[in-house]
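One structure is given below, encoded as structure tokens.
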Amino acid sequence: MSLLGRASRRFLLRHPGQLALTLLGVALGVAVVVSIDLAILSSRAAFAASTETVAGRATHAIEGGAARLPDDLLARVRREAGVRASAPVVEAYAMTRALPGRALRLLGIDPFSERPFRPWLGLGGPDFDLTRLITDAGGVVVAAEVAAEAGWRVDDPVDLIVEGRRVTATLVGVIGEGGDLGGEALRDLMITDIATAQRFLARPRLDRIDLRLPEGAPGEEAAARVRALLPGGATLAPAGARAEEMAGMLGAFDLNLTALSLLALVFGVFLIYNAMTFSVVQRRELFGGLRAIGVTRRELFGMVISEAAWTGVVGTVLGLALGVALGRGLVGLVTRTINDLYFVVSVESVTVTPILLLKGGVLGVGATLLAALPAVREAVLAPPRTSMVRSLGEARARDLVPRLGWAGVAVSLAGVALLLLPTRSLVVGFVGLACVVLGIAALAPVSTVVAARLLTPLLGRTVGILGTMASRGVVAALSRTAPAIAALVVAVSVTVGLGVMIASFRATLIDWLDYTLQADIYVAPPSAVASRSAGTLPPELVQRMSDTPGVAGVSTLRAAEVPSEYGELRIVALDLDPRGEAAYRFRAGDPATAFARFRAGEALLVSEPFAYRHGLGVGDRVRIPGAEGVELPIAAVFTDFGSDQGVVLMGRVVWDRLFDDAGVTSLGIFLAEGARTREVIAALEATVGADQAVFINSNRRLREGSLVVFDRTFAITGVLRALAFVVAFIGVISALMALQLERARELGVLRANGLTPRQVWGLVTAQTGLMGVVAGVLAIPAGLALAVVMIFVVNKRSFGWTLEMTVGPELLVQSVALAVLAALAAGIWPAWRMSRTSPAVALRNE
Amino acid sequence: MTGSSGATRSPVVRLTGVRKSFPEGDRVRDVLLGVEIEIDRGEFVVLLGPSGSGKSTLLNLVAGIDAPDAGSIWIAGNEIARLDERERTLFRRAHLGFVFQFYNLIPTLTVEENLLLPIELQGRVGTEARERARSLLDRVGLADRAGTFPDRLSGGEQQRIALCRALVHEPDLILADEPTGNLDPETGERVLDLLDELVRADGRTLLAVTHSATLAARADRVLRLEGGRVVEAAPAP
């Protein structure tokens, strides 16, 4: 190693605190990005694996839609269309007490048709008796690992709830390792004979027929022959198309998480910038000396950039390790949200791919080098002088203040312009948002100067000369204080802005639940995914419930997800009690006529996200696939936070016309005057047979449950927000530390002149407090802007929701309090160190 | 005391008509108003002048650290104002040695490494260089501190190391800026003895800027900076 390299390495090692802060900045930034990536990738990989297991080697699939497929279609496909390679599938989610919090994918198959499709199921292998799967009524098979987890042994009875029906199956065997797909793929599967599945579900129909069609023209001809046989509402599509569509639902969700994780990296970059700049500033004289004795700029550049590169590499490696560990924790939060909102996915292990590590690595090292550039520039431009006064550098920094202020205004305005662009791009939204917040942060220096000018006389009168010094000191070291204040502005505005967004969202949701939950009692079969329909209640049960004493009226709801030209379409058929109409508030459409046309089956109601996603409005026509299929106009667009994918509402009459299915997904029950909720619930429970599983909830409990799901959904946002704040906080500590160490001599002189350690403490604390106040005040507009954009742009573009913004004077208090507290907390260590330093040491260190 | 007669008559330093001014607020402060200096090889020259007279500015100009507004500066046959920044740096590396008031040793290099740095920068580190560094350390009585870091040394010891560093790569010209300004008189005297001895023994040329009469007393020639011009001062008694 060259002597310059050796000198630089020893410098880093001699300042372990500084080095540790820099490494922590890089590591945390990288860790947050990698962990989110990992959580997203792992949940996607698990979903893909389980889809692949289920889809198998099929090239195409006939999907039945809400009406499903008649049993005899399989025979016709084989005989009339000549497609021998075809396998019928019945699919549902099964829940069991033995595996709490998890849903198994119940796959009803015909073992004789299976071999070309799903050989990895290992049916017919040595571990179990195939004939028992076919002949045993209720025989099921799971992966050995699942059986072990649930504590089941072969021949054990297995109690299940399948789409709301209580059934008892028998474990007749276990299957192995999942072949090429690995154990993960079999983790959430339960396999049974198709007849057993149909019996469990009390539905003698098929959900899907998997096909293997030849490639090229013969395949196309076969597809045409199959299509000719399809009943209305059924579709023939390439295998995996539906899964892709489902995975596509996560786009906005993933992007929002990624944006938040990048925020942590941005703060990490700030931290590195601070640390690197400080390490250069500390050596300014040294560099001047080196330049004087003949070290070229290029050599200095090499020296400092190598320091940055080494720090970047070491920090990134730490960050990758930390990210993988953190990812294991976050994947639970991410999958829980996906399970709550989108579809069932179960992740056993995180998938660490080389690409993911490479991306994290490039991002970490790249960000470090980028953040180090100003420091490198400062080092390279160090004039070869024997001494250099710090105030020269500060004079240069102060010259920049007005320019930076104007740049901040320009960047903010550019951000606003981007946000006003008539686009639905979420990325453009985030870039615009970043511009607005960074633009406001760029006003930190000018605001600091103004604030100090205003406060100096005040502090002088109240605190005395030390007050004046504190306030002037902040401006005198503007090149140190302004970046710290700017970082604090961003951190506080993000924290407060996201807080306002979440609070507004929650308030909007509570308001929505208030009017949307009109009924007193809700009845529905348990569902694996909160926002999706699962099983149905038989009409006889619905009738018995309506006749229960104390029940004055009933609204019924039938929901289904069907493949359509809009992608997977959630349709809901309503038979509304007149009291239930108040549950719908229209964003467009005439309430007076819309419900009448809706009840008559002449028009549809669509939710706001559906209208937004597909660019539809009142009067536009929507095609609903079904046996016959129907096209109806939209009568109104209503507010709905139940699904970000959107919902189409139709009168029950339309459903009955389209589908031969009298089932009901849920019931809203209105109580008679004077009836007591608890008593009616008990009576309703008594009417439900032993073979039916239902949730009967009071209005209050359902509302509480909804809020629990909401809070769970935002748990990960909270974690990321906190992590980003921590990184920014460490950045501020390092900036303050740098500031105080630079002033060591000045403080030493003051100590020598009789300033007590306590007064030094007070001086440093007054400065950091002042910085906190400036940051807090600036964070108010920045946080407000962030909240507005998150609520009206990001949420709208991501999910199609319009939220009511709820913001009170507490935003103002919160911003300032948070910034001041953070600044004071960050100042504790530097203040303590400076007050403890002996004046002699401080003076000698010059 | 050795006079200039022992030196060969080929100027190592030649300044003609050198002018330099600095902006100060709205005004311009003229520091050097046409400086003329010639220093021969092997000469020991001291430049005196009150604070703010422009001594350090002149030193920076000679070192190629700063550029004159007018005039020309020749060092060892090179007109340094004509060199670009990088060439000037490489020139300093090869031809100049520095002794600073505050020593300016590299705190993260050992004493020996500090001495090897100027040689390594020229890419000629080897056994010979190491031996030279060791012998210099021996001559200043610090051979046993070769592996020590500078912050463990006293001010006088640090300045002795700085002297060695300035000489180790056998430069044409040694520039010293208040070399004893930070030392007590006794230590300063010892450092000057060494400076005197080392410079003369190797036949090096030295230009020192100082207030110190003791240092001036050792010079072959004393120059004085007055009113922006350099005048020959009466030789020290």
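The values are calculated or read from the model by the stated rules, or taken from the named source; none is laboratory data. This one's a predicted model, so the numbers in the text were calculated from it and none came from an experiment. Quick reminder, even Gly has a Cβ in these numbers, built from the backbone with ideal geometry, and neighbours come from all protein chains shown.
Determine, yes or no, whether A:Phe670 is in a helix (DSSP H, G or I) and surrounded by 14 or more Cβ atoms within 10 Å (Cβ to Cβ).
Working: in a helix (DSSP H, G or I): no; surrounded by 14 or more Cβ atoms within 10 Å (Cβ to Cβ): yes.
It is false that A:Phe670 is in a helix (DSSP H, G or I) and surrounded by 14 or more Cβ atoms within 10 Å (Cβ to Cβ).
Look through region B:76-86, keep the residues that are within 13 Å of chain A (Cβ to nearest Cβ) and in a loop (DSSP other than H, G, I, E, B), and return whichever of them is farthest from B:Gly17 (Cα to Cα).
Looking at residues that are within 13 Å of chain A (Cβ to nearest Cβ) and in a loop (DSSP other than H, G, I, E, B), I get B:Asp84.
Looking at A:Leu286, A:Leu255, can you tell me which residue is surrounded by fewer than 22 Cβ atoms within 10 Å (Cβ to Cβ), at negative phi and free of Cβ contacts under 8 Å to residues at least 24 places away in the same chain? Break it down into steps so the answer makes sense when it comes.
Values: A:Leu255 fails: free of Cβ contacts under 8 Å to residues at least 24 places away in the same chain.
Among A:Leu286, A:Leu255, only A:Leu286 is surrounded by fewer than 22 Cβ atoms within 10 Å (Cβ to Cβ), at negative phi and free of Cβ contacts under 8 Å to residues at least 24 places away in the same chain.
Quick grid of which residues meet (1) among the charged types (D, E, K, R); (2) within 29 Å of A:Val26 (Cβ to Cβ); (3) without any contact (Cβ under 8 Å) to a residue 40 or more places away in the chain:
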site	(1), (2), (3)
A:Ala223	no, no, no
A:Leu271	no, yes, no
A:Ile293	no, no, yes
A:Arg297	yes, yes, no
A:Leu300	no, yes, no
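Given A:Thr235, A:Thr296, which one is within 14 Å of chain B (Cβ to nearest Cβ), on the phi < 0 side of the Ramachandran plot and among the hydroxyl-bearing types (Ser, Thr, Tyr)?
Numbers: A:Thr235 fails: within 14 Å of chain B (Cβ to nearest Cβ).
After ruling out the rest, the residue left standing is A:Thr296.
Taking the stated definitions as given, is B:Ala146 touching an Asp or Glu at 6+ places or on another chain (Cβ under 8 Å), at pLDDT 90 or above and surrounded by fewer than 19 Cβ atoms within 10 Å (Cβ to Cβ)?
It is true that B:Ala146 is touching an Asp or Glu at 6+ places or on another chain (Cβ under 8 Å), at pLDDT 90 or above and surrounded by fewer than 19 Cβ atoms within 10 Å (Cβ to Cβ).
Counting only residues that are hydroxyl-bearing (Ser, Thr, Tyr) and at pLDDT 85 or above, which one in region A:444-470 is farthest from A:Ala407 (Cα to Cα)? Working first, answer last.
Taking region A:444-470 as the starting set, the residues that turn out to be hydroxyl-bearing (Ser, Thr, Tyr) are A:447-448, A:456, A:462, A:468.
Going one step further and asking which of them are at pLDDT 85 or above, we end up with A:447-448.
Numbers: A:Ser447: 14, A:Thr448: 16 Å.
Top of the filtered list is A:Thr448.
When region B:180-217 is examined, which residues are found to be farther than 14 Å from B:Gln159 by Cβ, buried (at least 21 other Cβ atoms within 10 Å of the Cβ) and not aliphatic (A, V, I, L, M)?
B:Arg204, B:Thr205
Can you run down the residue pairs with Cβ atoms below 6 Å, 6 or more apart or on separate chains, where the first is in region A:180-195 and closer than 24 Å to A:Ile134 by Cα and part of a helix (DSSP H, G or I) and the partner is modelled with pLDDT of 80 or more and not acidic (Asp, Glu)?
That search, which allows pairs on different chains as well, returns A:Leu186/A:Ala143; A:Ile194/A:Pro88; A:Ile194/A:Val90; A:Ile194/A:Gly108; A:Ile194/A:Ile109.
Residue under question is A:Leu69, and the condition is that it be away from every other protein chain (no Cβ under 14 Å), surrounded by 22 or more Cβ atoms within 10 Å (Cβ to Cβ) and more than 30 Å from the chain's Cα centre (by Cα); does it hold?
Yes, satisfied.
Of the residues in region A:562-579, how many are at pLDDT below 85, assigned to a strand (DSSP E or B) and either surrounded by fewer than 19 Cβ atoms within 10 Å (Cβ to Cβ) or more than 29 Å from the chain's Cα centre (by Cα) (or both)?
2
Out of curiosity, is B:Val125 modelled with pLDDT under 80, β-branched (Val, Ile, Thr) and over 17 Å from the mean Cα position of the chain (by Cα)? Working first, answer last.
Values: modelled with pLDDT under 80: yes; β-branched (Val, Ile, Thr): yes; over 17 Å from the mean Cα position of the chain (by Cα): yes.
Yes, satisfied.
Identify all residues within region A:730-789 that are modelled with pLDDT under 80 and small (Gly, Ala, Ser); write none if there are none.
Hits for region A:730-789 are A:Gly731, A:Ser734, A:Ala735, A:Ala738, A:Ala744, A:Gly748, A:Ala752, A:Gly754.
In region B:15-42, how many are of a type in the set (Lys, Arg) and surrounded by 15 or more Cβ atoms within 10 Å (Cβ to Cβ)? Spell out the reasoning first.
Applying the first criterion (of a type in the set (Lys, Arg)) to region B:15-42 yields B:19-20, B:27, B:29, B:41.
Now drop any that are not surrounded by 15 or more Cβ atoms within 10 Å (Cβ to Cβ), which leaves B:19-20, B:41.
Of the residues in that region, 3 qualify.
Mind checking which pairs have a first residue in region B:87-110 that is over 24 Å from A:Leu13 (Cβ atoms) and more than 7 Å from every other protein chain (Cβ to nearest Cβ) and a second that is in a strand (DSSP E or B) and among the charged types (D, E, K, R), Cβ under 9 Å, 6 or more apart or different chains?
Between residues of region B:87-110 that are over 24 Å from A:Leu13 (Cβ atoms) and more than 7 Å from every other protein chain (Cβ to nearest Cβ) and residues that are in a strand (DSSP E or B) and among the charged types (D, E, K, R), the close pairs are B:Val99/B:Asp177; B:Gln101/B:Asp177.
On the given criteria, is A:Asp691 crowded, with 19+ Cβ neighbours inside 10 Å, at pLDDT below 90 and touching a strand residue (DSSP E or B) at 6+ places or on another chain (Cβ under 8 Å)? Quick ask: steps written out before the conclusion?
Working: crowded, with 19+ Cβ neighbours inside 10 Å: no; at pLDDT below 90: yes; touching a strand residue (DSSP E or B) at 6+ places or on another chain (Cβ under 8 Å): yes.
No: the conditions fail for A:Asp691.
Anything in region B:116-136 that is surrounded by 20 or more Cβ atoms within 10 Å (Cβ to Cβ) and either within 22 Å of B:Gly181 (Cβ to Cβ) or within 8 Å of chain A (Cβ to nearest Cβ) (or both)? List them, or say none.
Matches in region B:116-136: B:Leu116, B:Leu117, B:Pro118, B:Leu121.
In the list A:Leu330, A:Leu320, A:Leu356, A:Leu363, which residue meets the criterion of being closer than 21 Å to A:Leu723 by Cα, more than 14 Å from chain B (Cβ to nearest Cβ) and modelled with pLDDT of 90 or more?
Working: A:Leu330 fails: modelled with pLDDT of 90 or more; A:Leu356 fails: modelled with pLDDT of 90 or more; A:Leu363 fails: modelled with pLDDT of 90 or more.
Criteria check complete, one pass: A:Leu320.
What number of residues within region A:1-46 satisfy the criterion of being touching a Leu at 6+ places or on another chain (Cβ under 9 Å) and closer than 23 Å to A:Leu265 by Cβ?
26
Within the bounds of region A:692-703, is there any residue that is within 26 Å of A:Ser607 (Cβ to Cβ), out of contact with any Asp or Glu (no Cβ under 6 Å at 6 or more places or on another chain) and without any contact (Cβ under 8 Å) to a residue 40 or more places away in the chain?
yes
Of all the residues that make up region A:645-662, how many are at pLDDT below 85, in a loop (DSSP other than H, G, I, E, B) and buried (at least 22 other Cβ atoms within 10 Å of the Cβ)?
Qualifying residue count for the region: 2.
Looking for something free of Cβ contacts under 8 Å to residues at least 40 places away in the same chain, assigned to a loop (DSSP other than H, G, I, E, B) and crowded, with 22+ Cβ neighbours inside 10 Å - is there at least one such residue anywhere in region A:583-600?
No, there is no match, as no residue in region A:583-600 is free of Cβ contacts under 8 Å to residues at least 40 places away in the same chain, assigned to a loop (DSSP other than H, G, I, E, B) and crowded, with 22+ Cβ neighbours inside 10 Å.
Of the residues A:Thr53, A:Thr22, which is crowded, with 21+ Cβ neighbours inside 10 Å, within 30 Å of A:Val280 (Cβ to Cβ) and among the polar types (S, T, N, Q)?
Values: A:Thr53 fails: within 30 Å of A:Val280 (Cβ to Cβ).
So the residue among A:Thr53, A:Thr22 that is crowded, with 21+ Cβ neighbours inside 10 Å, within 30 Å of A:Val280 (Cβ to Cβ) and among the polar types (S, T, N, Q) is A:Thr22.
Give the residue that is nearest to the other protein chains (Cβ to nearest Cβ), with candidates limited to residues of region A:1-10 that are assigned to a helix (DSSP H, G or I) and surrounded by fewer than 20 Cβ atoms within 10 Å (Cβ to Cβ). Walk me through how you get there before you give the answer.
At the first step, the residues of region A:1-10 found to be assigned to a helix (DSSP H, G or I) are A:3-10.
Narrowing further to those that are surrounded by fewer than 20 Cβ atoms within 10 Å (Cβ to Cβ): A:5-6, A:9-10.
Numbers: A:Gly5: 11, A:Arg6: 7, A:Arg9: 8, A:Arg10: 4 Å.
My answer is A:Arg10.
Under 6 Å by Cβ, and 6 or more places apart or on different chains, what pairs join a residue from region A:432-450 that is outside any helix (DSSP H, G or I) with one that is surrounded by fewer than 24 Cβ atoms within 10 Å (Cβ to Cβ)?
A:Ala442/A:Leu404; A:Ala442/A:Ala407; A:Ala442/A:Gly408; A:Leu443/A:Gly405; A:Leu443/A:Gly408
Can you go through A:Leu38, A:Leu23, A:Leu13 and tell me which one is within 14 Å of chain B (Cβ to nearest Cβ), part of a helix (DSSP H, G or I) and either at pLDDT 85 or above or within 30 Å of A:Met303 (Cα to Cα) (or both)?
Numbers: A:Leu38 fails: within 14 Å of chain B (Cβ to nearest Cβ); A:Leu23 fails: within 14 Å of chain B (Cβ to nearest Cβ).
Residue meeting the stated conditions: A:Leu13.
For region B:65-75, enumerate the residues that are more than 7 Å from chain A (Cβ to nearest Cβ) and within 17 Å of A:Ala292 (Cβ to Cβ). Before you say what the answer is, go through the steps one by one.
Initially, region B:65-75 is screened for residues more than 7 Å from chain A (Cβ to nearest Cβ), giving B:66-75.
Those that are more than 7 Å from chain A (Cβ to nearest Cβ) and within 17 Å of A:Ala292 (Cβ to Cβ): B:Asp66, B:Ala67, B:Ile73, B:Ile75.
Could you go through region A:242-254 and let me know if any residue there is away from chain B (no Cβ under 14 Å), closer than 30 Å to A:Leu426 by Cα and not in a helix (DSSP H, G or I).
Applying the first criterion (away from chain B (no Cβ under 14 Å)) to region A:242-254 yields A:242-254.
Subset that is closer than 30 Å to A:Leu426 by Cα: A:242-254.
Filter once more, so that each one left must be not in a helix (DSSP H, G or I): A:249-250.
Yes, because at least one residue in region A:242-254 is away from chain B (no Cβ under 14 Å), closer than 30 Å to A:Leu426 by Cα and not in a helix (DSSP H, G or I).
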